[in-house]
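Report on the following structure.
Please treat every number below as a calculation from the coordinates, not as lab data. Since this is a predicted model, take the numbers as computed values, not measurements. Note: ideal-geometry Cβ built from the backbone for every residue, glycine included; neighbour counts use all protein chains shown.
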There are 2 protein chains.
Amino acid sequence: MENYQSSLDAAFHSLADPTRRAVISRLTKGPAPVKELAEPFAMGLPAFMKHLRVLEKDGLISSEKIGRVRTCRVNSERLTAAETWLCEQRRLWQAGTDRLADYVETQMSRSIENAE
Amino acid sequence: MENYQSSLDAAFHSLADPTRRAVISRLTKGPAPVKELAEPFAMGLPAFMKHLRVLEKDGLISSEKIGRVRTCRVNSERLTAAETWLCEQRRLWQAGTDRLADYVETQMSRSIENAE
DNA sequence: GGAACAGTTTGCTATTTGGCAAACTAAATC
DNA sequence: GATTTAGTTTGCCAAATAGCAAACTGTTCC
């Protein structure tokens, strides 16, 4: 599944892993080299680099190598796209539950009317 | 990776697939039986059911079988958790870029002062 | 009770993943 | 120029995924 249909596939896929989310969290505070990003994790560098490659392929970060240091920075568009999608879903869901609440309220008023 | 460390792992994992996102999208408008949910997709029912099982295992939907019909509904907490995380990341990232903007502005004022 | 319907189970693929260890490249430092 | 440092490549492994087809279970309807 190399090619994602939508950028949402890519964004959510990257974010499904705790290591990768931690990297994003760190990078939201500012750019950092690979070494520093890898430090908090128990895994070896090759394994960690795979996560970085996934993040970059999925468009959530970008990186640039200067000398022997590769500096990574967060790429906010994909994050925003994911957030926007979730926000829209919540909006739709709330619209539904609001209609339900209205309906329940209406039914209750009727019951009271009938009881009077 | 049966057990997720965090509910975010589960939420983002489920959302990484376009079929599953479409199911969520449909369910935000209200509950629906499996048959109706499966209709728009080219794949067979067994493959589709796997997606539903993933969604349910990951806590994004719940379902109940009455007679021979299984009705699914969306489970908003996990979606909210994911949205909250993304929102927080954006907040942090914006704080950073705002600081950067301030810094650039300060530097520019100084250049102008020096030039005068 | 027989047919149609809604969903489920089983068994089979190919691909992707997340990790390891070991060897390697290129830049900085002494 | 030898050594440390930062990152990269290669080859390997076990587990999980996304799909298929075919056979099966239980419900509803005529």
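Details
- Being within 30 Å of A:Ala32 (Cα to Cα) and within 15 Å of the chain's Cα centre (by Cα) is a description that applies to B:Leu15.
- One residue stands out among those in segment B:27-47 that are at the interface with another protein chain (Cβ under 10 Å from one of its Cβ atoms) and under 16 Å from B:Val69 (Cβ atoms): the one that is farthest from DNA strand C (Cβ to nearest atom), which is B:Gly30.
- Criterion violated by B:Thr71 - all others in (1) exposed (fewer than 13 other Cβ atoms within 10 Å of the Cβ); (2) more than 19 Å from A:Trp85 (Cα to Cα) satisfied: (1)
Condition check ((1) loosely packed, with under 12 Cβ neighbours inside 10 Å; (2) closer than 27 Å to B:Ala81 by Cβ; (3) aliphatic (A, V, I, L, M)) across all residues:
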| position | (1), (2), (3) |
| --- | --- |
| A:Ser7 | no, yes, no |
| A:Ile24 | no, yes, yes |
| A:Thr28 | no, yes, no |
| A:Leu37 | no, yes, yes |
| A:Lys50 | no, yes, no |
| A:Lys57 | no, yes, no |
| A:Gly67 | yes, no, no |
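- Per-region count, segment A:60-75, residues hydrophobic (A, V, I, L, M, F, W, C) and within 13 Å of DNA strand C (Cβ to nearest atom): 3
- Residues located in segment B:65-92, provided they are within 7 Å of chain A (Cβ to nearest Cβ) and either over 30 Å from B:Ala38 (Cβ atoms) or in a strand (DSSP E or B) (or both): B:Val74, B:Cys87, B:Gln89, B:Arg90, B:Leu92
- Residues (in a helix (DSSP H, G or I) and more than 9 Å from DNA strand D (Cβ to nearest atom)) located in segment A:38-64: A:His51, A:Val54, A:Leu55, A:Glu56, A:Lys57
- Residue match in segment A:48-59 (condition: away from chain B (no Cβ under 14 Å), within 28 Å of B:Thr19 (Cα to Cα), touching a residue at least 24 places away in the same chain (Cβ under 8 Å) and more than 9 Å from DNA strand C (Cβ to nearest atom)): yes
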